[in-house]
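See below for the structure under consideration.
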Amino acid sequence: MRAVREPWRRTLRRDWQLYSLALLPLVFLLVFRYVPMLGNVIAFRRFEPGGSIFGEAWVGLRYVTMFLGDPTFWQVFTNTFVIGALTLLFCFPLPVVLALLLNEVRTRYFQRFVQTVSYLPHFLSIVIVAGMLMQLLSVEGTVNQIVRAVGGEAIPFLQRPEWFRTVYVSSEVWQTVGWGTILYLAALTTIDENLYEAARIDGANRWRQTWHVTLPGIRPTMVTLLILNVGTFMAVGFEKVLLLYNPLTYPTADVLSTYLYRVGLESNNFSYAAAIGLFEAVIGLTLILGANAISRRTVGASLW
Amino acid sequence: MVTGSVLKRPVELRPRLAGIRESRGRRVFQVVNVVVLLCVVAVTLYPFVTIIAQSFSDDSYIRSGQVNLVPRGFNTTTYELVMSDALFWRNYQNTVVYTVVATAIAIVLTTCYAYVLSKRELRGRTALIGIAVFTMFFNGGLIPNYVLITSLGMKNTIWAIVLPNAISVFNLLVMKSFFENMPPELEEAAKIDGLSTYGILWRIVLPLSKAVVATMTLFYAVSFWNSWFAGFLYMDRAELFPVTVYLRNLIVGAANASSTGSSAGDLAQVSASIQSVTIVLTVLPILAVYPFVQRFFVSGVMLGSVKQ
C-alpha cells in the first residue's frame, strides 16, 4: 500500500485503460460465477421454474431438514465419502511412486517414451474413457476373456454394485497417474546432487538415499498436491459416475452430485437439489481451508 | 593392453568402478524398474489397441468374446456405416464450431484479465485477483447454474456451451505469472513513445507472449473439445449436440436402454463394433495432435505451479 493514498479519480484517470480491459472478464465472473453462488438462496426459498432465479418466498430450513431425514441422502453421502477416500488413497501416492521409478531410468529416450505414453489418458474426453471401460468390461470384453481363461465365470462388472468402486478407482488411476508425475519430476530435478554425495559418504544405500534425500526434496510438492486432493476429496468425478452408473449400481455408485442431478433436473425439485449442492460446496470449502490450515501449522507449507 | 584401454577412455574409469561396486542389486533393480515401466506402458495402451481391434472386427466375433488385440473378421464396413451417418458429421462439425468459438472467447477474456492482474502497482489488484481465485474454491453448483442459463434464454444456443466456462482460473494464473516475468523496460519504453495501454498489450506484450498464448489456446481447445456435459444438459435437439454427446448416447444410451434410467436421446442396443468405430473416430484428432502438443502442456503445468 502506498504511504499517501491518492484519490480514486486520479487513479482512474491514469489507469482507466487497464481497468477497461478488466471490465468484460469481471462481467463474466459476476454473471457466470457469482450470480449462481447467490442463486443458492433457492435452497431456502420456494422456487418455481420460469420464475425468479432467486426463488419466490422464504421457507427457512425446510429443504435442509428434508435431506437430513432422507435415507437416500445418507446413502449417497456415504458412497461419496468412500469413493473419495479410495481415490485419494490410490491416486495421491501412485504418481509419487511412478515419478521415483521414472527418475531412476538411465536411458533418457526410454524415460521420455514412458512419460509420453502415460500422459495420454489425461487428454481423453471422459466420454471416451467411459466408452472404453464399457467395451473392456462387457461380458464379451477382454477383461472377461482373461477371467474365463483362468477358469472364472464372466462378470458383468458394470451391473454389479460390489464392483463399481474397483472400476471407478482403477480407471481413475489409469487416467491420472502419468499426468500426476509431472510436478514431481520437475521437483526431482531441483534436488542438489551434493546431498546424494554426502549421503553416500555417510554410507547410505539407495533406499536410504531415497528416504532421506529424495522424499524430503519433493515434500513441498507432495504437501501442496495433498492439500488440493483433500480439498477436492468430496467432489467425486460427477461426469464419470453419471456415465458409468445405472440403477443396478446405485447402491454403491450414486454420489451426492449425481443424486442432486436426478432430484433437480430429472424430478424438478430444484430447491431440494440446490440445498444438497450447497451442502456439498460448503463441505468442499471447509475441507480445503482445513487441509491448508493444518499443513501450514504442521509442515509450514500452504497454498496461499 | 589393459592400461592402454583405460588410458584411451579415462573418463569412463570412475563410473565403471562405481558400477562394479554397486553391481548386482543395482543392476537387478534397473531391470525390474524397466519391466515395471513397460507394464505401465502396456496397461495404458491396452484399451486403445483393443478398441481399434474391435472397430475393424466382425460383430459376431466380438459378441462371442474372441476379439482381443487383433481384429477378427477384418472389415471396414463399420467405418463406412458410421461415416455415412449425417448426424455424426453434423455433431462433429458442431464440436469444431463450439471449440473454435469457445476458445476464442476464453483466450480474449483470459489474456485481458491476466494482463491487468500482472500490473503489481495497480490499485485494487488484490481484490481483482481475489474475485477470480475465490471461484476456484467455491462455485454455484449445478442447479443454480442450470437455472441461470435457462433464464438467460441460452438453452439450445451455442452460448450455453461457449460462455459459462470462458475463464479457467488456473489458466488465468499461468498467464498472469508469465506476464509478471516480462522485463518492464520494454513496456516503459513503449509508453514513452506514446503507445496507449491497448497498444502496448497488442504490439509489445502479445508478440512476445506467443508461446504462452499458444499453450493456453491448446489448454482451452482440448478441454472444450472433450466436454460433453454442457451439450448434454442444454441442448434438446440432436442436430445441436457436440460429437461427445453423440458418442455418449450411443454408449450409455445403449447400456441403459434396457434398464429404467434411460433418458431422451438414448438409443436401442448398438453393436460393439459401431461403438468402437465411433470411439476411434472421436479420439483420432486428439491422438493426431497429441505428440506435438504434449510438451506445451507440460510446460504450461510447470508455469502454473510456480507459487503466486
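The values are calculated or read from the model by the stated rules, or taken from the named source; none is laboratory data. Values in this document were obtained by computation on a predicted structure and should not be read as measured data. No Cβ is skipped: glycine too gets one built from the backbone with ideal geometry, and neighbour counts run over all protein chains shown. To get the accessible areas, we keep the full protein, side chains included, count just its heavy atoms, and leave off ligands, DNA and RNA. Shrake-Rupley method; radii C 1.70, N 1.55, O 1.52, S 1.80 Å.
What does the charge dipole of the range B:62-137 about its Cα centre add up to, to the nearest 20 debye, if the Cβ of each Lys and Arg holds +1 and the Cβ of each Asp and Glu holds -1?
On the way: 7 positive and 3 negative charges, 71 e Å.
Here the size comes out at about 340 debye.
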Shielding by partners, peptide A:108-117 (average Cβ within 10 angstrom, other chains)
3
Pseudo-spin-label distance A:R112 to A:I201, built 7 Å along Cα→Cβ, given in nm, is 3.5
Most mobile of A:T78, A:T116, A:T252 per a Gaussian network model of chain A (Cα springs, under 10 Å)?
A:T116
How large is log10 of I(q)/I(0) for the protein assembly as shown at q = 0.10, 0.11 Å⁻¹ when the intensity is taken from the Debye formula with one equal scatterer per alpha-carbon?
-1.04, -1.23
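Within 10 Å of each Cβ in B:246-252, how many Cβ atoms from other chains are there, averaged over the peptide? Don't skip to the end; give the middle numbers.
Working: counts 1, 5, 9, 1, 2, 9, 9.
Mean partner-chain Cβ count within 10 Å for B:246-252: 5.
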Extension gain (nm, one decimal) between B:R24 and B:A104, 0.36 nm per residue minus Cα-Cα
23.1 nm
Please report the buried accessible area for the interface of A with B, total over both chains, probe 1.4 Å, in Å² to the nearest 100.
8500
Which Cα, out of A:F54, A:I288, A:T11, lies furthest along the positive dipole direction of chain A (beta carbon charges, K/R +1, D/E -1)?
A:T11
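Multiply the residue separation of A:A57 and A:E266 by 0.36 nm, subtract the distance between their alpha-carbon atoms, and state the gained length in nm to one decimal. Numbers along the way, then the final one.
Details: separation 209, 0.36 × 209 = 75.24 nm, distance 2.30 nm.
Difference between extended and current length: 72.9 nm.
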Relative contact order of chain A (C-alpha contacts under 8 Å, at least 6 apart) in percent is 24
For the range A:71-298, report the % of Cα-Cα distances exceeding 21 Å.
65
Using unit Cβ charges (K, R positive; D, E negative) and no other charged atoms, how large, in debye to the nearest 20, is the dipole of the protein assembly as shown about its Cα centre?
2020
Under 16 Å from a point placed 7 Å out from the Cα of B:I158 along the Cα-to-Cβ direction: which residues of the range B:224-248 have their backbone N that close?
B:224-225, B:231, B:235, B:239-243
Among B:K119, B:K155, B:K176, which one shows the highest mean-square fluctuation when chain B is modelled as a Gaussian network with alpha-carbon springs under 10 Å?
B:K119
Given a cut-off of under 8 Å on Cα pairs at least six residues apart, what relative contact order in percent is computed for the range A:14-121?
11
If I take every Cα pair under 8 Å that is 6 or more residues apart in chain B, average their sequence separation and divide by the length, what percent do I get for the relative contact order?
25
GNM, chain A, Cα, under 10 Å: largest mean-square fluctuation among A:V143, A:V35, A:V241?
A:V35
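Over all distinct Cα pairs, what is the inverse of the mean 1/r for the range A:129-260, reported as the Kirkwood hydrodynamic radius in Å?
Values: mean 1/r = 0.0551 Å⁻¹.
The Cα-based Kirkwood calculation yields 18.2 Å.
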With every protein chain present, what accessible area does B:L186 have (1.4 Å probe, heavy atoms only), rounded to the nearest 10 Å²?
80
For the range A:73-116, what ratio Rg/Rh do Cα atoms give with a Kirkwood hydrodynamic radius?
1.33
When the Debye formula is applied to the Cα atoms of the range A:8-58, each taken as the same point scatterer, what base-10 log of I(q)/I(0) results at q = 0.12, 0.27 Å⁻¹?
-0.46, -0.95
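Of the accessible area of the range B:86-305, with the probe set at 1.4 angstrom, what percent is carbon plus sulfur?
Working: 5980 of 9060 Å².
The computed percentage sits at 66.
So which trypsin sites (Lys or Arg not before Pro) in the range A:66-141 pass both tests, a DSSP loop state and at most 16 other Cβ atoms within 10 Å of the Cβ? Walk me through the intermediate numbers first.
Numbers: sites: A:R106, A:R108, A:R112; in loops: A:R106.
Taking the range A:66-141 and a limit of 16 other Cβ atoms within 10 Å, the loop trypsin sites (Lys or Arg not before Pro) found are A:R106.
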Shielding by partners - mean other protein chain Cβ count within 10 Å, residues of B:31-43:
4
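Rg to Rh for the range B:86-305: what is it, with Cα atoms only and Rh by Kirkwood?
Values: Rg = 20.8 Å, Rh = 19.7 Å.
The Rg/Rh ratio comes out at 1.05.
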To the nearest 20 debye, what is the magnitude of the charge dipole of the range A:111-245 about its Cα centre, counting +1 on the Cβ of each Lys and Arg and -1 on the Cβ of each Asp and Glu?
80
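Hand me the tally of lysine pairs in chain B: alpha carbons under 20 angstrom apart, and the pair either on different chains or 8 or more positions apart.
Details: B:K119/B:K176; B:K119/B:K191; B:K119/B:K210; B:K119/B:K307; B:K176/B:K210; B:K176/B:K307.
Count of close lysine pairs: 6.
If each residue of separation counts as 0.36 nm, what is the full-extension length gain between A:W8 and A:E162 once their alpha-carbon separation is subtracted? Don't jump to the answer; show the numbers that get you there.
Values: separation 154, 0.36 × 154 = 55.44 nm, distance 6.27 nm.
Gain on stretching A:W8 to A:E162: 49.2 nm.
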Globularity index of the range B:67-177, i.e. its alpha-carbon radius of gyration over 2.2 N^0.38 Å
1.60
